[in-house]
Amino acid sequence: MKNIYKRSSKIRLALACAFCIMAMLACITGTAIFACEGVYGSHPHGIENELMRKAGYECALRAVAEYHGGEIITECDTSLEGTGFKYGIIDGRLDRNPDFNAEGVFEEKNFNGKLPEDYGYFQFHLGENPKFYLSDRLLAGSDYYTDWESEQGEDGGTTLYTVVYFTEGAPDMTGGYFHGNLYAQAAALAAMVPTLRVAMPIGAALLLGLTAWLLYLLFCAAGRRYGEEGIFCGLWERIPMDLAVVIVGFLEMMLAVIMVSAADSMSRPYEPYEYLVWILALAALLTFAGCLLGIRWLMSVAVNVKKGKWWRNTVVYRILKLIANCLAAFRSSSRAIRKSIRWDIRIWALFGVITFLEGFGLAVFDADGALLTVWFFEKILFGAALFFIMKWYGRLKEAAVRMAEDGSEIHIDTKGMPLDFEEHAEALNAISGGMAVAMAERMKSERMKTELITNVSHDIKTPLTSIINYVDLLEKENIEGEKANEYLEVLDRQSKHLKKLIEDLIEASKAATGNIKFHMESVNARVLLNQSIGEFEERLLQNGIELVTNMPEEEVHLWADNRYLWRVFDNLMNNIVKYAQPGTRAYVDLTEEEGKVRFVFRNISRNALNISADELMERFVRGDASRNTEGNGLGLSIARSLTESMDGSMNLSIDGDLFKVILTFEQE
Amino acid sequence: MNRILICDDEPDILSALRIYLESEGMEVVTAENGQVALDIMSGEEGGDIHLILMDVMMPEMDGITAMAQIRKISNVPIIMLTAKSEDADKVVGLTVGADDYVTKPFNPVELMARVKSQLRRYTMLGSATGAGSSEDADILIIGGIELRDRAKEVYLDGEPVSLTPLEYDILKCLMTHRGEVLSPKDIYEEIWQEPMVGAESTVAVHIRHLREKLEYDSANPRYLKAVWGRGYKMDDIH
């Protein structure tokens, strides 16, 4: 999953994400509208009620007409032809505005209990001379009952006229949805409602899942680059995270404000219809921009979290750190000042300051001086005690510091010390004595070990000389028989192996105990490397190993004994010859940085290396468990001992079959 | 007929050495410790001995003491046989009067070559001549290596060695600058007569080939020495 960025670009993912979020938001909004308000935002029961209400008007009109002994005047207006609506003209008012209740005219003509409760303020007044009023708005599909005209009556009352359109019988759909047939439009919407009510929440949920998945992919891809390892920081990721929250939050808010005002203007019914498309487009664009911005911010958060220690990339952290640094600097400088003064002087100074403050306090508050004498004697006694305690403590301290510094043997003079100090001093003396004995023992045992190995090896060498010589003589005897010659060959090989082993053993023991005198001098690393390549080139090629070297153009010098440095190289190169997988490349790199010269040897091991790097450097440990190859497992141990004796370091690492040795030396 | 005195406390080594030397047509006298060797050298037979192979660690009198005593009465070449491979022991031996040393366990072929080389120098060039630098500019000699420039021939312990022209040039270059450390760059530019670019390990490869032809133990070269990180040099052999 972490390679997702290889399959899809981050930009494509981000766009897909933004689109999904937008669609999801639309769906959620739709669902919310359904749930809360219905399709026509201003009506509490949605489109179905709208249709019902149309039927309700018709009933109401008929009822009113009967009550007044009149009839509904219907007249066909040309402009309504084909819409499926007929209209009746009612001299009166349909409104839900309670303000109209104040008008006496309506109270009189109140139509008690005959109409549904929803239409509590639905009142009529059929005038003597019905007037016609036809609004253009009606055709545009606006609320029909909000168009009215008022007329001041002679009796001081107001007469309102409105036009109500209603269908008779089955609605006439001949005008069709796209020809301004409001009824057809309403019916179509109403037909969709049950589907949309189910589909929109499900769609929203699906889109939520898709969005989450895309976001997850995007977070995986965030900070990665095609074909490269690691997490990369772009410009966005460098912005401190808390600052980014503020910036992004502000921008999102701005977008939201523009969105709201756009939506607001859209909801106003009298805006010209043709702008609606543009307003919708703008709203979509703004939503999209907001989503993209949010996604980019989330990605930068993801990168910062992936990088680890994300809190470091915050303004707050930086400020806190600055403060901490200032405090630390202050502390260390004050500590340095304190350290530069001798410890006993410091304590005396403290004593002096306290004494002065006490004396000052007494002089101010104890004016009659009764306490002053007592205090004065107390101070003299205290000062004397302090003097002696510091003298004894000084001896202990000095001895302990000296012992810690170079492990030298100490002896503290306990004369005149009180009991506790004497105990402490004797304990220190005992520790020092024990340490000296242990050191001497260790030195002796190390020396004996080296001597033992050297002497035993020398004693082995003499019989070995005979063995090698007589094997050689036997070979010269031209012994008949294939088997005999085969055995001789084994004897020859094994005796030489034994010889090499003994030589290496002596060297390893000397190198490990530091029994070698080094003549340190400047060594040209490039020349050394080229010399070793020359020495080993053919043997490597015979074993099918291609050697690749990288070294800087300029000369690099390091500080070492050239003969022993060669032993190290010889051992490491021999290792490559012996243990590298034929048909692979081996690398030797020379680098120089920060005053260090570094050689890196890398090769692919022939045998699986199922032991740790530390174990490999132990004496007599080899990478192959069967131990049937040449070599004795001393090479790396010798190389490391020699390197360390020349103030260098040798690090070994094993990564699968990749075997890597890093030699580091001080640059000259 | 060359007479060789072998001095070692190990009878098996004595007899092995006897077999080798006698197979090369030499006469062998043996001594089991330093004292016996000293007695032989100071006795009547002493004048007939052409070379001594001397072990270092022996009972009664060790090799170093014996050598010091023998040097007082004879300047016969002495080759030290030692199980100690420490530099200090070699230095002591060579200072006391050994002409060469071989460390145990030794390679018989190498030992024979050194014996022959010392014998040749002692009997042919005269015992007074030390390690040979010839007056003649045509012939360059270092230890057992003899380079005859006009004939373009190289001999190792008297045996001709076949070298490629490049190897010959490198050898000659090193022999003329004896005792000096020459960097691979110096050698390259001297022989190829062009700046060394991208051929930095070429010289090392040729040196290795030379070493295989001229050294008995190419891992521990006597003549073609590498100063790692600097270059190569050939020193006079003591």
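The values are calculated or read from the model by the stated rules, or taken from the named source; none is laboratory data. Values in this document were obtained by computation on a predicted structure and should not be read as measured data. FYI the Cβ positions are ideal-geometry reconstructions off the backbone, even for glycines, and counts take in every protein chain you see.
Out of the residues in the stretch A:570-585 that are farther than 24 Å from B:ARG211 by Cα and of a type outside the set (Phe, Trp, Tyr), which is nearest to the other protein chains (Cβ to nearest Cβ)? Steps first, answer last, please.
In the first step, residues of the stretch A:570-585 are kept if they are farther than 24 Å from B:ARG211 by Cα; the result is A:579-585.
Still in the list and also of a type outside the set (Phe, Trp, Tyr): A:580-585.
Numbers: A:ALA580: 18, A:GLN581: 23, A:PRO582: 21, A:GLY583: 22, A:THR584: 20, A:ARG585: 16 Å.
This residue is A:ARG585.
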In the list A:GLU482, A:GLU475, A:GLU486, A:GLU503, which residue meets the criterion of being surrounded by 13 or more Cβ atoms within 10 Å (Cβ to Cβ), more than 9 Å from chain B (Cβ to nearest Cβ) and not aliphatic (A, V, I, L, M)? A:GLU475
If you scan the stretch B:170-207, which residues turn out to be among the basic types (Lys, Arg) and more than 13 Å from chain A (Cβ to nearest Cβ)? B:LYS172, B:ARG178
I'd like to know if the stretch B:187-197 contains one or more residues that are of a type outside the set (A, V, I, L, M), within 19 Å of A:VAL527 (Cα to Cα), crowded, with 20+ Cβ neighbours inside 10 Å and in contact with a Gly (Cβ under 8 Å, 6 or more places away or on another chain). no
Among the residues of the stretch B:208-232, count how many are more than 7 Å from chain A (Cβ to nearest Cβ) and among the aliphatic types (A, V, I, L, M). 4
Which pairs have Cβ atoms under 7 Å, sit 6 or more apart or on different chains, and link a residue in the stretch A:524-546 that is facing chain B (nearest Cβ under 7 Å) to one that is of a type in the set (S, T, N, Q)? A:VAL527/B:SER183; A:ASN530/B:SER201; A:ILE533/A:THR549; A:ILE533/B:SER201; A:GLY534/B:SER201; A:GLU537/B:SER201
Can you find a residue in the stretch A:433-453 that is of a type in the set (Val, Ile, Thr), within 14 Å of chain B (Cβ to nearest Cβ) and touching a Leu at 6+ places or on another chain (Cβ under 9 Å)? yes
Among the residues of the stretch A:339-366, which ones are surrounded by 10 or more Cβ atoms within 10 Å (Cβ to Cβ) and over 19 Å from A:TYR393 (Cβ atoms)? A:VAL353, A:THR355, A:PHE356, A:LEU357, A:GLU358, A:GLY359, A:PHE360, A:GLY361, A:LEU362, A:ALA363, A:ASP366
Tell me, which strands (runs of 3 or more DSSP E) lie completely within the stretch B:138-185 with 2 or more residues that are of a type outside the set (Val, Ile, Thr) and assigned by TED's automatic domain parsing to the domain that holds B:ALA199? B:145-148, B:153-156, B:159-161
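For B:ILE52, indicate whether it is within 14 Å of B:GLY97 (Cβ to Cβ), at pLDDT 90 or above and in contact with a helix residue (DSSP H, G or I) (Cβ under 8 Å, 6 or more places away or on another chain). Steps first, answer last, please.
On the way: within 14 Å of B:GLY97 (Cβ to Cβ): yes; at pLDDT 90 or above: yes; in contact with a helix residue (DSSP H, G or I) (Cβ under 8 Å, 6 or more places away or on another chain): yes.
Yes: the conditions hold for B:ILE52.
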Of the residues that make up the stretch B:70-87, is at least one part of a helix (DSSP H, G or I), away from every other protein chain (no Cβ under 11 Å) and buried (at least 18 other Cβ atoms within 10 Å of the Cβ)? yes
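Restricting to the stretch A:476-495, give me the number of residues that are in a helix (DSSP H, G or I) and at pLDDT below 85. If you could, list the steps in order and put the result at the bottom.
Residues of the stretch A:476-495 that are in a helix (DSSP H, G or I), as a first pass: A:476, A:482-495.
Keeping just the survivors that are at pLDDT below 85 gives A:476.
Selection size over the stretch A:476-495: 1.
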Do we find that A:ARG567 is loosely packed, with under 15 Cβ neighbours inside 10 Å and either of a type in the set (D, E, K, R) or more than 9 Å from every other protein chain (Cβ to nearest Cβ) (or both) in this structure? no
Return only the number of the condition from (1) touching a strand residue (DSSP E or B) at 6+ places or on another chain (Cβ under 9 Å); (2) within 12 Å of chain B (Cβ to nearest Cβ); (3) farther than 30 Å from A:ASN515 by Cα that A:GLU554 does not satisfy. (2)
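Test A:ASP344 against the stated conditions and say whether it is charged (D, E, K, R) and touching a residue at least 24 places away in the same chain (Cβ under 8 Å). Before the answer, list the steps.
On the way: charged (D, E, K, R): yes; touching a residue at least 24 places away in the same chain (Cβ under 8 Å): yes.
In short, yes.
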Only one of these conditions is not met by A:THR513: (1) within 13 Å of another protein chain (Cβ to nearest Cβ); (2) out of contact with any strand residue (DSSP E or B) (no Cβ under 6 Å at 6 or more places or on another chain); (3) in contact (Cβ under 8 Å) with a residue 12 or more places away in the chain. Which number is it? (1)
Provide a single number: the residues in the stretch A:227-256 that are loosely packed, with under 11 Cβ neighbours inside 10 Å, more than 17 Å from the chain's Cα centre (by Cα) and charged (D, E, K, R). 1
Taking A:VAL597 as the residue in question, decide whether it is in a strand (DSSP E or B) and over 18 Å from A:GLY534 (Cα atoms). yes
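Yes or no, residue by residue, for (1) at pLDDT below 90; (2) not hydrophobic (A, V, I, L, M, F, W, C):
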site	(1), (2)
A:ILE354	no, no
A:LEU371	yes, no
A:TRP392	yes, no
A:LEU396	yes, no
A:GLU426	yes, yes
A:ALA436	yes, no
The lone exception for B:HIS50 - which of (1) over 14 Å from B:LYS116 (Cα atoms); (2) in contact with a strand residue (DSSP E or B) (Cβ under 9 Å, 6 or more places away or on another chain) it fails: (1)
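Please go through the stretch A:652-668 and pick out each residue that is in a strand (DSSP E or B) and more than 20 Å from A:VAL523 (Cβ to Cβ). Steps first, answer last, please.
So the first thing to find is which residues in the stretch A:652-668 are in a strand (DSSP E or B), and the list is A:652-655, A:658-667.
The answer is A:LEU652, A:SER653, A:ILE654, A:ASP655, A:LEU658, A:PHE659, A:LYS660.
Just one of A:ILE389, A:ILE337, A:ILE319 is without any contact (Cβ under 8 Å) to a residue 24 or more places away in the chain and within 33 Å of the chain's Cα centre (by Cα); which is it? Show your work before the answer.
Values: A:ILE389 fails: within 33 Å of the chain's Cα centre (by Cα); A:ILE337 fails: within 33 Å of the chain's Cα centre (by Cα).
Sole residue among the options that is without any contact (Cβ under 8 Å) to a residue 24 or more places away in the chain and within 33 Å of the chain's Cα centre (by Cα): A:ILE319.
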Which of the residues belonging to the stretch B:8-32 are within 14 Å of another protein chain (Cβ to nearest Cβ), in contact with a strand residue (DSSP E or B) (Cβ under 7 Å, 6 or more places away or on another chain) and not in a helix (DSSP H, G or I)? B:ASP8, B:ASP9
